[in-house]
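Right, one structure below, let's go through it.
The values are calculated or read from the model by the stated rules, or taken from the named source; none is laboratory data. Just so it is clear, the structure is predicted and the values come from calculations on it, not from any experiment. All Cβ positions, even for glycine, are placed from backbone atoms using ideal geometry, and neighbour counts span all protein chains on display.
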Amino acid sequence: MDTRKVQKTGGSTFIVSLPKKWINEIGIKKGDSVGFIQQPDGTMLLSPKSTEKKTSRRRIVNVEGMKSEHLLRKMISIYMAGYNIIDLKADKRMIPEIREVIRSFSRKIIGPEIIEETINSVTLHDLVEPGDLPLDKGIGRMYLITKSMHTDAVTALKERNTTLAEDVIARDNEVNRLYWLVLKQYNLLLNDPGFGSKIGTTTNEALAYLLIARIIERIADHAVKIAESIKQLEEEKIDKKIMNDLLEASRIALGIVETSISAFYTKNISECNKAIDSSKDLVKIRENLMGKVAGAKSTVAVPLAYIIESIDRTGFYGTDIAEIAINHIVASEE
């Protein structure tokens, strides 16, 4: 670390000299302005530009001969890496399958829109400013959608409501959209420390948000698995005792997640430990359920086993959130 002594001039002005090597590398000249950005953790970021002029990051992709699924993965990766302009080009005429993948990507992701299109190219421009949705708001939105997905999936199971189950499956896309946005914000923060001041967070705090977002996305996936299993049980009869235990297991699992999320936001270690301890009750009811399901016919036992597993995983993902919260709270107390 290069250290400099603070000097005082004129009775009230403090000055610090800038490293000559850095000055030469950046190309700063006499009379140029530099910007100072105070970070949430108290440090100061020095920028050679005094204005926050938005710069565009452009990525060009040749789609000729590329498989549709490969292109989709690449576009998602480019988006999450922080590029806001994607130029997709083909050597000749772009085939309809590739155009459909591009349109599908635009529908699935928050921000990118098609702004230009020719017979052999498509240009996507991310029209959403990443800092417009703070990380805590994005995580909160993900959690609320996921919570409703799990609740409705279990309700659909109880009522054998396949229409509600399909709606749960459809909502998963919104959770994915928010998760990819959170991941993009985290990557932008790593590449641009000044971005942290825009969204009001530090790198360490953003990492905690990212880890929790990833867990919430997985909980949503398990809600989808529950909903998908309902289709196999539409015409089947489920023992009343098994159903009651399933509802109780769901209540405990979702309670663990809810307590952990709340404890993270309120920085309450006691509540985190309470959530983790609750997992013992979930283990007991899971073992009891598996014993009961083992005696059912295969057309009922198999889908119910998947449902029990998803409810169980939901609860233990909740304990993962509690552990992340404890680590984050302890680190922030230093």
Number of positions in the range 1-21 that are surrounded by 10 or more Cβ atoms within 10 Å (Cβ to Cβ) and more than 14 Å from Leu46 (Cβ to Cβ) | 1
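Yes/no per residue for (1) part of a loop (DSSP other than H, G, I, E, B); (2) touching a Gly at 6+ places or on another chain (Cβ under 7 Å); (3) surrounded by fewer than 18 Cβ atoms within 10 Å (Cβ to Cβ):
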{"site": "Ile76", "(1), (2), (3)": "no, no, yes"}
{"site": "Tyr83", "(1), (2), (3)": "yes, no, no"}
{"site": "Met94", "(1), (2), (3)": "yes, no, no"}
{"site": "Ser106", "(1), (2), (3)": "no, no, yes"}
{"site": "Ile114", "(1), (2), (3)": "no, no, yes"}
{"site": "Val128", "(1), (2), (3)": "yes, yes, yes"}
{"site": "Gly138", "(1), (2), (3)": "no, no, no"}
{"site": "Leu144", "(1), (2), (3)": "no, no, yes"}
{"site": "Met149", "(1), (2), (3)": "no, no, no"}
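Just the residues that are in contact with a Phe, Trp or Tyr (Cβ under 6 Å, 6 or more places away or on another chain) and outside any loop (DSSP other than H, G, I, E, B), please, taken from the range 1-29.
Going through the range 1-29, the residues in contact with a Phe, Trp or Tyr (Cβ under 6 Å, 6 or more places away or on another chain) turn out to be 6, 8.
Passing the criteria: only Lys8.
Condition first: of a type in the set (Lys, Arg) and either surrounded by 12 or more Cβ atoms within 10 Å (Cβ to Cβ) or at pLDDT 70 or above (or both). Now tell me which residues in the range 29-53 satisfy that. Steps first, please.
First, the residues of the range 29-53 that are of a type in the set (Lys, Arg): 29-30, 49, 53.
Passing the criteria: Lys29, Lys30, Lys49.
Condition first: under 30 Å from Glu205 (Cα atoms) and at pLDDT 95 or above. Can you find one or more residues in the range 301-311 that meet it?
To start, the set of residues in the range 301-311 that are under 30 Å from Glu205 (Cα atoms) comprises 310-311.
Narrowing further to those that are at pLDDT 95 or above: 310-311.
Within the range 301-311 (the criterion being under 30 Å from Glu205 (Cα atoms) and at pLDDT 95 or above), the answer is yes, since at least one residue qualifies.
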Taking the condition farther than 19 Å from Val168 by Cβ and of a type outside the set (Gly, Ala, Ser), does Glu228 pass?
-> no
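State whether the residues of the range 157-165 include one that is hydrophobic (A, V, I, L, M, F, W, C), without any contact (Cβ under 8 Å) to a residue 12 or more places away in the chain and part of a helix (DSSP H, G or I).
Going through the range 157-165, the residues hydrophobic (A, V, I, L, M, F, W, C) turn out to be 157, 164-165.
Applying the additional criterion that residues be without any contact (Cβ under 8 Å) to a residue 12 or more places away in the chain yields none.
Within the range 157-165, none of the residues are hydrophobic (A, V, I, L, M, F, W, C), without any contact (Cβ under 8 Å) to a residue 12 or more places away in the chain and part of a helix (DSSP H, G or I).
For (1) without any contact (Cβ under 8 Å) to a residue 24 or more places away in the chain; (2) of a type outside the set (D, E, K, R); (3) within 30 Å of Asp312 (Cβ to Cβ); (4) assigned by TED's automatic domain parsing to the domain that holds Lys198, each residue gets a yes or a no:
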{"residue": "Ile78", "(1), (2), (3), (4)": "yes, yes, no, no"}
{"residue": "Ser121", "(1), (2), (3), (4)": "no, yes, no, no"}
{"residue": "Asp136", "(1), (2), (3), (4)": "no, no, yes, yes"}
{"residue": "Met149", "(1), (2), (3), (4)": "no, yes, yes, yes"}
{"residue": "Val168", "(1), (2), (3), (4)": "no, yes, yes, yes"}
{"residue": "Asp172", "(1), (2), (3), (4)": "no, no, yes, yes"}
{"residue": "Leu178", "(1), (2), (3), (4)": "no, yes, yes, yes"}
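Take the conditions buried (at least 21 other Cβ atoms within 10 Å of the Cβ) and assigned to a helix (DSSP H, G or I) and apply them to Ala331. Does it pass?
Answer is no for this residue.
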Matching entry among Thr299, Thr314 (being closer than 30 Å to Glu234 by Cα, surrounded by fewer than 18 Cβ atoms within 10 Å (Cβ to Cβ), hydroxyl-bearing (Ser, Thr, Tyr) and in contact with a helix residue (DSSP H, G or I) (Cβ under 9 Å, 6 or more places away or on another chain)) = Thr299
Among Ile308, Ile321, which is the only one that is assigned to a helix (DSSP H, G or I), in the same structural domain as Asp136 (by TED's automatic domain parsing) and more than 30 Å from Arg160 (Cα to Cα)?
-> Ile321
Does Lys284 satisfy the criteria of being among the charged types (D, E, K, R), at negative phi and free of Cβ contacts under 8 Å to residues at least 12 places away in the same chain?
-> yes
Before we move on, is Ala156 within 18 Å of Ser310 (Cβ to Cβ), over 17 Å from the mean Cα position of the chain (by Cα), surrounded by 20 or more Cβ atoms within 10 Å (Cβ to Cβ) and not assigned by TED's automatic domain parsing to the domain that holds Tyr79?
-> yes
Among the candidates Ile329, Ile238, single out the residue that is closer than 27 Å to Ala170 by Cβ and among the aliphatic types (A, V, I, L, M).
-> Ile238
When (1) modelled with pLDDT of 95 or more; (2) closer than 30 Å to Thr266 by Cβ; (3) not charged (D, E, K, R) are applied to Val128, the one that fails is (1)
